[in-house]
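Computed from the coordinates by the stated procedures, all read-outs in this text should not be read as laboratory data. The structure displayed is predicted, hence computed values, not measured ones. Cβ placement follows ideal geometry from the backbone for every residue including glycine, while neighbour counts extend to all protein chains displayed.
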Amino acid sequence: MAAASIFQTRSRTLRVVVLLLLGSCLTSFAQDLAALARKEKERRARLTKHVKVITEEDVKEAAAKDVGSLTVMAEVSEPAPSSEPGATPQDPVEAQKAAWKLRADSARSAVVAAEKKLEEMVSDLAKFRSDLTPVSAAEAQDPMRLQKREVGMVEMRKNIEAQRAFVAQAKKAQTEFEEEARRNGVPPGWLR
């Protein structure tokens, strides 16, 4: 019984110590937050220079007064697509946005089409290699059939390598286009 009594006393003492530690941690944490909030409030009160947010209207006013420095995007020679036939875009920014998007879509579709054609060519070579195509009786008896097949496979491999080079070229063109857009300050959202 004495052991149980000692155990209960120690467990109560341990609980009290843990509660005191938690209480002191929470109190110091709350004091730290209060101190941080006070310091931030003092810092903001000391600020004398207010920050001006420049809006699109401010930029238009500056352009009208010919004051300040403005970045103008390079002109794009491709016409902007319109939703209605014969309609002209009212906003030059929207026209530029549409032209950049058209060029981005074109670059992406060229890469996708080249990769798709490459996959088809590789698949055709695999089918040809497995000899699954139906053969006529005359072809089956041709003594040069295997040599002709080998020549056909060599030709297909050459075409595949040429297509791989074309895919690499299309990817390079897309990367160069994206770099051109970056240099001209085109927002990334315009290219999506």
Given a Förster distance of 22 angstrom, what is the FRET efficiency for residue 162 paired with residue 106, based on the Cβ-Cβ distance and rounded to 0.05? 0.50
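Any chance you could run the full-extension gain for residue 12 through residue 59? It's 0.36 nm times the residue separation minus the Cα-Cα distance, nm to one decimal. All intermediate terms of the calculation are to be shown ahead of the outcome.
Working: separation 47, 0.36 × 47 = 16.92 nm, distance 7.05 nm.
9.9 nm is the gain from fully extending residue 12 to residue 59.
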